[in-house]
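In what follows, a structure is listed as structure tokens, so that the remarks can point back to it.
Only the coordinates and a few stated rules stand behind these numbers; no lab work does. The structure presented is a predicted model; accordingly, all values stated were derived computationally and were not measured. Here Cβ is always computed from backbone atoms with ideal geometry, including for glycine, and neighbour counts include all displayed protein chains.
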Amino acid sequence: MRITYFFRHPKVGFSIQRVFQTVNKGVAQTQEIEEVFLPYPKSGILSIFKNGFYAKKRQGKINHITGDAHYLLYFLKSKNTIVTVHDIMYYSYLSGFKKKIWKFLYIHSLKRAAKVVFISEFAKQQVLDEIYLKPDQYCVIPNPVSTDFQYHQKDFCAAKPIILHINGNLERKNLARTIKALDNIPCHLRIVGKLSDEYRLLLKQSNIDYSNVYNLSNEAVVQEYENSDIINFPSLFEGFGMPIIEGQAVGRPVLTSNILPMKSIAGEGAVLVDPKSVESIKNGYIKIITNKDFRNNLVKKGMLNVKHFQLNTVKELYLDLYNNLN
């Protein structure tokens, strides 16, 4: 059995690529795989057609669209194509004719898939609120945590903890409220992701000690987790929330949002806060930093929770799907 995985262009973002190259690592132990990266990063009509015909020429016996290129379903053979849906958040920002086009390309296209995989119940409900899919056409399989993320001992620096914030330039990651919440809390805010001038100005005005890096390799991202004391993820919305389980796997206390899907992904292994409340976020930090017993218990619960997202479990679920199509 040979599985062809279709990835969006690497310039669009590395999160989905990182997740599915973890899946591929497991599947490749028993199956032959091929990874195909789309040549055009833009989402204009011309780029969509070029990407579509590029994928059509390279489709295999079993095709797997790994995410954010659902429109490929109009170009690939439906009966042997699986698509994984991470979220359809962008749809909520659109209006008018552009929204109708996007729905046709990224939501209605899902009806053509042999199987639609959602990474969370939240992502599933987003789509089912928009279109009807037959119950046997979809399922939920969570993202796996990469085996690169392993427990790494580090003494917590209560005097000045390093707080890691991933994808800092995306508005939904809630960096602005994070900065306000850290006012008068001694810390070093480590931001991964290229910052806009707006965020740099806000950081300067808030007089927060921070540093910023971007375009990191997977190995460098893992190192950032290991160097940190707290993983910051008070996101306003997500399809899943990989930093939650990555932080738990490394053995770090995690702060995230008390909304779906984050609270279900985190289990009992994170401080849950109201992502729209600066005070709630601040109180979450203070509790982690000042209460050693609470912090240590949080880490233990996180390491238990992350077992639900191990590669072997997720790999077997995908292999069952592929076998049913074969």
The chain: most fluctuating residue of LEU201, LEU255, LEU76 per GNM, C-alpha cutoff 10 Å:
LEU201
Given the options GLU316, GLU224, GLU238, state which has the largest fluctuation in a GNM of the chain using a 10 Å cut-off (strictly under) for Cα springs.
GLU316
In nm, to one decimal, how far is the ALA28 label point from the LYS160 one, both placed 7 Å along Cα→Cβ?
4.1
Can you return the aspartates and glutamates within cross-link range of LYS99? Criterion is Cα-Cα under 17 Å, with same-chain partners fewer than 8 residues away left out.
ASP68, ASP87, ASP129, GLU130
Restraint check, LYS77/LYS315; LYS204/LYS292; LYS57/LYS103, Cα-Cα greater than 27 Å
LYS204/LYS292
Eigenvalues of the alpha-carbon gyration tensor of the chain, times 5 and square-rooted, give semi-axes in Å, largest first, of 35, 22, 18
Principal axis box of region 158-215, alpha-carbon based, largest edge first, Å
29, 21, 17
Taking r as the C-beta separation of GLU35 and ASP183 and R0 as 45 Å, the FRET efficiency to the nearest 0.05 is 0.50
Whole-Hz couplings from phi, Karplus 6.51/-1.76/1.60, listed for region 219-235; x for Gly and Pro:
5, 5, 5, 4, 4, 4, 4, 5, 7, 7, 10, 9, 9, 9, 8, x, 5
What distance in nm separates the two pseudo spin-label positions at GLN150 and LYS276, each 7 Å out from Cα along the beta-carbon direction?
4.3
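Can you tell me the FRET efficiency between SER264 and GLU316 if r is taken as the Cβ-Cβ distance and R0 is 22 Å, rounded to the nearest 0.05?
Values: r = 21 Å, r/R0 = 0.97.
Calculated value: 0.55.
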When the chain is treated as a Gaussian network with springs between alpha carbons less than 10 Å apart, the largest mean-square fluctuation among GLN126, GLN137, GLN29 is found at GLN29
